[in-house]
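**Student:** The structure under discussion is supplied below as structure tokens; questions concerning it will follow.
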């Protein structure tokens, strides 16, 4: 004969603990979670740094990346012995242009800060190399992108970082959402009761 199993108390439903408030019938926010959580600033409040006037910067930095990169690649391969310093500096300028281009395309606050720093490096390079190419021309037997303040490129290498820095500063001064504004864009949820 089977032994009697001890009886376990079945949990009872406490009807007083039920939440009797009506359900919230407002529609849920259908914004993808990736945009809500990871986007540092809502696109409605702050334009991306590569949009609007930033598109012109993206175009110019793209053009200068290709121009400086292809010029320096050819010169480093075919004419390295003539002016190695000039060609290496042109290759460095191409890398700086490419990095700024990528950060402008990426967008976001951290990319804006990196692009701003790179524009500072670019401006310093144009000013230092431009001055050295005038003061000590023997160091530069052939021109770099930044020689004579970018005169070989219509001085655009001198104007471009200044314009880029102004745009990036302006894009950074757009209204920012409040710290808890991100929670408002999440799907509706009831706060936990204590």
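Read-outs throughout are calculated quantities, based only on the coordinates presented, and are distinct from any laboratory measurement. These numbers were taken from a predicted model, which means no experiment stands behind them. So basically every Cβ, Gly included, is an ideal-geometry build from the backbone, and we count neighbours across all protein chains shown.
**Student:** Shape verdict for segment 47-171, please, from the Cα gyration tensor: rounded (a/c under 1.5), prolate (a/b greater than b/c) or oblate.
**Tutor:** Numbers: a/c = 2.54, a/b = 1.85, b/c = 1.37.
Note, shape of segment 47-171 comes out prolate.
**Student:** What is the calculated FRET efficiency for residue 106 to residue 55, with r their C-beta to C-beta distance and R₀ = 25 Å, to the nearest 0.05? Let's see the in-between values first.
**Tutor:** Details: r = 14 Å, r/R0 = 0.57.
FRET efficiency, residue 106 to residue 55: 0.95.
**Student:** Once label points are set 7 Å from the Cα along Cα→Cβ at both residue 135 and residue 163, what is their separation, rounded to one decimal in nm?
**Tutor:** Between residue 135 and residue 163, the label points sit 2.8 nm apart.
**Student:** For a footprinting-style exposure proxy, rank 89, 63 by other Cβ within 10 Å, fewest first.
**Tutor:** On the way: 89 24, 63 14.
Starting with the residue having the fewest Cβ neighbours, the order is 63, 89.
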